[in-house]
1. Looking only at Cα atoms, what is the convex hull volume of the chain per residue, in Å³?
2. Which residue, LYS36, LYS12, LYS25, has the most motion in a Gaussian network model of the chain that connects Cα atoms within less than 10 Å?
3. Please determine, in degrees from 0 to 90 and to the nearest 10, the orientation of helix 27-55 with respect to the longest principal axis defined by the Cα atoms of the chain, where the helix direction is its Cα long axis.
4. Tilt of helix 67-100 relative to the longest C-alpha principal axis of the chain, in degrees (0 to 90, nearest 10)?
5. For LEU78 paired with ASP29, estimate the spin-label separation in nm (one decimal), with each label point 7 Å from Cα along the Cα-to-Cβ line.
6. Can you tell me the relative contact order of the chain? Whole percent, Cα pairs under 8 Å, sequence separation 6 or more.
7. At what distance in angstrom do the alpha carbon centres of region 78-101 and region 1-55 lie from each other?
8. What residue among GLY87, GLY77, GLY33 has the largest mean-square fluctuation in a Gaussian network model of the chain, using Cα springs under 10 Å?
Amino acid sequence: MKIRDVIAGWTKQEEAALRRQFHGKTMNDRFRGLRKSERNEAKLFLLALTPAILTGPFIGKWSDASLVGKSIMAMAGLWMVGVLVVGGYFLFRSILRALRK
């Protein structure tokens with residue numbers, strides 16, 4: 001599965017959760033939407049941190065790392081920034097769409 005498809009699926013789940021949160025008929029519906037929204041945001045941050053978590057034990061500090069280690073750390077950093085920027089965009093777009101509907 002492509003990462004883009006995964007994030008798009010999470011975006012749809014986020015929009016549905018936010019609609020329940022903002023336009024729920026009962027308090028239980030609204031709290032259920034809030035809990036689902038928090039889970040979706042947690043999945044996004046875990047996706048962003050996965051490369052750093054997986055490579056962290058094998059690569060020490062930046063100053064002690066070899067050229068390959070520095071390259072891996074730089075790619076993990078770019079991955080985190082990319083996922084957080086794109087995911088943040090989709091998250092805020094979901095919030096705006098849920099507020100409009």
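What follows draws every value from the coordinates through simple rules; no lab data is involved. None of these values were measured; they are calculated from a predicted model. Note that we place each Cβ from the backbone using ideal geometry, even for glycine, and neighbour counts take in every protein chain shown.
1. 102
2. Among LYS36, LYS12, LYS25, the largest mean-square fluctuation in the Gaussian network model of the chain belongs to LYS25.
3. Around 10 degrees separate the two axes.
4. In the chain, helix 67-100 runs at an angle near 10 degrees to the longest axis.
5. The answer from the label model is 4.6 nm.
6. Numbers: 73 pairs, mean separation 38.2, N = 101.
Computed over the chain, the figure is 38 percent.
7. After rounding, the separation between the Cα centres reads 10 Å.
8. Among GLY87, GLY77, GLY33, the largest GNM mean-square fluctuation belongs to GLY77.
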